[in-house]
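Q: First the structure, then my questions, so here it is.
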Amino acid sequence: QTITEARELRDEFQRFLHEYEFGMREIETKISILRDEFAHHHSYNPIEHVKSRLKTPDSIVEKVARRGIEPDFDSIREHITDIAGVRVTCSFVADVYRLFDLLTAQDDITVRIVKDYIARPKANGYRSLHAILEVPVFLSSGPIMVPVEVQFRTIAMDFWASLEHKIHYKFQGQVPAHLVDSLTAAADAATELDERMEQLHREAHSTTLTALPKPPIEV
Ligand code: 0O2
């Protein structure tokens, strides 16, 4: 292979990754507009934080090999849909579904896959709402549709998933049984906490000032 061909391949790979970065930015913008609109017009912020990441070239190569995908750009585009990822952490489960509904109702968004691990948690207790969304990106050569994996979850789900991920990584997938059991129990506790916090939030909002006891009148 000549140096020119190697450079062409490098440029093509950079263009390939840029497509995902632009798609990710489109989704980030949509989410930040929703967040600002909520804050200004509903005096409520349903989003705690948003985190985005692009899969590293190493991680893409590893997935291509693990899944037996043809190592060309078209096959990777077709089969790997989580190169761009955005994680939206909300306060409550109701906010997770509200955000999902608002984002997926937008005309330019196409919903490719939805995996509701909140309605049906994974065996280890993992909960989150996953969606592969396609968003248009307008390049100088014309528009393209870019898939972005959006994960919606609550703070409690995020806390659990982040610790589980670290434990999984530390034991390279071979997590001792007693830790697996503890993690599953912790996932149940996180679910209960989500329910109690949401209930509390609803009660606080349905309690109007007039329903509160009046402070004594000072004379
Ligand atoms: P990262 O670094 O977060 O991107 P696959 O993508 O092939 O591994 P699948 O079935 O296509 O799996 O996707 P799925 O089930 O929608 O989940 C993929 C992503 O969800 C993972 O990405 C994690 O971010 C998260 N996830 C799924 N299951 C678990 C779990 O049991 N524990 C934790 N902590 N996270 C989970 P990556 O690529 O593994 O990692």
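Since every read-out is calculated from the coordinates, none of them should be taken as a lab result. Predicted model, so just to flag it, every value in this text is computed and none were measured. Reconstructed Cβ throughout: ideal geometry from the backbone, glycine too, with neighbour counts over all protein chains shown.
Q: Compute a Gaussian network model of the chain, connecting alpha carbons closer than 10 Å, and tell me which residue from 34, 200, 102 fluctuates the most.
A: Evaluated over the chain, the most mobile residue of the options is 200.
Q: Read phi for every residue in segment 70-83 and hand back ³J(HN,Hα) as whole Hz from Karplus 6.51 cos²θ - 1.76 cosθ + 1.60, θ = phi - 60°, with x for Gly and Pro.
A: 4, x, 10, 4, 5, 5, 5, 4, 6, 9, 10, 10, 10, 5
Q: Let me ask something additional. So in the chain, what percent of DSSP beta bridges are antiparallel if you round to the nearest 5?
A: Looking only at bridges with both residues in the chain, the antiparallel portion is about 80 percent.
Q: Can you compute the radius of gyration and Dmax for the chain, using only the Cα atoms, both in Å?
A: Expressed in Å, the Cα Rg and Dmax of the chain come to 21.8, 93.
Q: May I ask you to derive the relative contact order of segment 46-200, considering only C-alpha pairs under 8 Å and at least 6 residues apart, and to give it as an integer percent?
A: Computed over segment 46-200, the figure is 23 percent.
Q: For segment 25-101, max minus min Cα coordinate along each principal axis, in Å, sorted largest first?
A: Taking the Cα atoms of segment 25-101, the three principal extents are 49, 22, 20 Å.
Q: For residue 90, which sequence-distant residues (separation of 5 or more, or a different chain) have an amide H within less than 5 Å of its own amide H, given hydrogens modelled in the peptide plane?
A: Excluding prolines and chain starts, which carry no amide H, the hits are 48, 153, 154, 155.
Q: Where does each of 73-80, 7-14 land if you order them by average Cβ count within 10 Å, highest first?
A: 73-80, 7-14
Q: What does the highest-first list of 168-175, 54-61 look like by mean Cβ count within 10 Å?
A: 54-61, 168-175
Q: Arrange the peptides 19-27, 184-192 so that the one whose residues have, on average, the most other Cβ atoms within 10 Å appears first.
A: Numbers: 19-27: 19.9, 184-192: 15.3.
Listed from highest to lowest mean packing, they are 19-27, 184-192.
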